[in-house]
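Structure first, then comments.
The values are calculated or read from the model by the stated rules, or taken from the named source; none is laboratory data. Predicted model only: the values in this text are computed from it and were never measured. Positions of Cβ are generated from backbone atoms using ideal geometry, with glycine treated the same way; all protein chains shown enter the neighbour counts.
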Amino acid sequence: MKVYQNVLEMIGNTPLVRVSHLDTGPCELYLKLELMNPGNSIKDRIALKMIETAEKAGKIKPGDTLVEATAGNTGLGLALVAAQKGYRLIIVMPDKMSMEKEYNVRAMGADVIRTRSDVVKGHPEYYQEVAERIAKEEGAFYINQFSNDANWQAHFETTGPEIWRDLNGQVDAFVCGVGSGGTLTGVGRYLKQQNPKVEMVLADPEGSVLTHYHETGEMTEAGSWVVEGIGEDFIPDICDMSLLDKAYTVSDKEALSVARDILLKEGVMCGSSSGTLIAAALQYCREQTEKKRVVTLACDTGNRYLSKMYNDDWMKQNQYI
Ligand code: PMP
């Protein structure tokens with residue numbers, strides 16, 4: 001085993017595992033296990049890159065306060081990096097996100113502010129507006145993953161190249177969700193630069209505006225969904241929607257059921273957004289008429305959802321089973 005000098009060196013270089021017990025049609029489907037990052041989600045990559053880019057630009061230095069708006073995983077990644085480097089961190093998180101994420105962020109020394117989940121961008125109580133306001137009041141640095149180029153660049157420099165390298169360039173499609181759009185933009189730009197024929201496929205929760213926007217170029221009013229971390233009520237600045245070739249809408253019920261299935265059949269305990277991604281990836285695979293190699297992500301660990309999707313009582317109360 002490799003010996004690391006620091007936990008931050010362990011970010012990235014996550015393994016791929018083939019889905020071997022579910023029907024993938026004529027295709028091979030691989031999960032990239034982002035839950036094996038030290039902060040247990042794909043967001044460790046961008047947390048490190050966004051902080052180091054701001055340091056290099058002279059915008060922040062250890063001792064400063066950082067503020068971020070997040071579904072939770074960016075907060076956890078940032079808490080990991082902030083603790084290692086000596087920053088104070090304030091995390092602003094909508095109240096629909098799991099308690100486990102809040103406890104985890106707090107345990108790592110960051111402060112957490114919860115905001116309403118039932119308001120959209122532009123409302124003063126929307127989590128991103130609250131984060132921006134707190135940063136101004138505290139004289140702190142607002143990281144803003146939704147407009148920060150270091151976010152997609154982290155995926156362009158690491159996630160994309162790792163997939164290409166590990167499959168020897170034999171990649172036909174990549175399925176991802178959009179929260180900030182960092183994964184789509186970074187991985188999409190890298191893979192299409194290697195081979196313009198690689199298909200980029202969006203997995204979008206029912207209620208999100210993105211699938212409709214991809215298909216029509218028009219915005220609709222956002223609904224609500226239970227899956228955490230993906231789906232949007234606006235198009236983030238860094239989200240390059242032109243990279244998308246196809247989009248699938250997935251209901252909460254299907255996403256949660258696929259995630260539970262992946263744990264039982266494949267032994268991978270992932271979070272709710274991964275359920276959406278894998279559900280869309282399975283549908284894409286089953287629709288193909290020839291063999292394709294398809295990659296999607298296990299974005300974060302299911303341990304963050306033990307009180308929700310992995311709890312049968314919660315599943316019954318919410319009529320998912
Ligand atoms: N899955 C989870 C669990 C997340 O927290 C996020 C980010 N909020 C994503 C997927 C989406 O990734 P991106 O921000 O790169 O679009």
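Can you tell me which condition TYR284 does not meet? The list is (1) within 18 Å of the chain's Cα centre (by Cα); (2) within 22 Å of TRP164 (Cβ to Cβ), and all the others hold. In the conditions (1) within 18 Å of the chain's Cα centre (by Cα); (2) within 22 Å of TRP164 (Cβ to Cβ), TYR284 misses (1) alone. Can you tell me which residue within the stretch 271-291, out of those that are surrounded by 24 or more Cβ atoms within 10 Å (Cβ to Cβ) and polar (S, T, N, Q), is farthest from GLY302 (Cα to Cα)? Among those residues, the one meeting the criterion is THR276. Here is a list: VAL105, VAL92. Which entry is part of a helix (DSSP H, G or I) and within 19 Å of the chain's Cα centre (by Cα)? Step by step, each of VAL105, VAL92 is checked, and only VAL105 is part of a helix (DSSP H, G or I) and within 19 Å of the chain's Cα centre (by Cα). Of all positions in the stretch 161-169, none carries a residue that is crowded, with 24+ Cβ neighbours inside 10 Å and not β-branched (Val, Ile, Thr).
Does any residue of the stretch 57-65 turn out to be in contact with a helix residue (DSSP H, G or I) (Cβ under 7 Å, 6 or more places away or on another chain), at negative phi and within 16 Å of the ligand (Cβ to nearest atom)? The answer is no; no qualifying residue exists. For the stretch 93-126, the tally of residues that are surrounded by 15 or more Cβ atoms within 10 Å (Cβ to Cβ), among the small types (Gly, Ala, Ser) and modelled with pLDDT of 95 or more stands at 1.
Taken residue by residue, the stretch 214-228 has at least one member that is farther than 23 Å from ASN148 by Cα, away from the ligand (no atom under 13 Å from the Cβ), assigned to a helix (DSSP H, G or I) and not hydrophobic (A, V, I, L, M, F, W, C).
Does THR276 qualify as being within 12 Å of the ligand (Cβ to nearest atom) and either over 27 Å from ASN168 (Cα atoms) or assigned to a helix (DSSP H, G or I) (or both)? Criteria met by THR276. Among the residues making up the stretch 229-244, those that are in contact with a helix residue (DSSP H, G or I) (Cβ under 7 Å, 6 or more places away or on another chain) and not in a loop (DSSP other than H, G, I, E, B) are MET241, LEU243.
Among the residues of the stretch 235-272, those that are more than 17 Å from MET315 (Cβ to Cβ) and within 13 Å of the ligand (Cβ to nearest atom) comprise ILE235, PRO236, ASP237, ILE238, CYS239, ASP240, MET241, LEU243, LEU244. Taking the options GLN84, GLN5, name whichever one is assigned to a helix (DSSP H, G or I) and more than 13 Å from the ligand (Cβ to nearest atom). The match here is GLN84. Scoring SER257 on the criteria (1) small (Gly, Ala, Ser); (2) surrounded by 17 or more Cβ atoms within 10 Å (Cβ to Cβ); (3) touching a Ser or Thr at 6+ places or on another chain (Cβ under 9 Å) leaves a single failure, condition (3).
Checked against the criterion of being at positive phi and without any contact (Cβ under 8 Å) to a residue 40 or more places away in the chain, the candidates GLY109, GLY160, GLY139 yield just one match: GLY109. Inside the stretch 287-307, can you point out the residues that are assigned to a loop (DSSP other than H, G, I, E, B) and within 13 Å of the ligand (Cβ to nearest atom)? The answer is CYS299, and nothing else.
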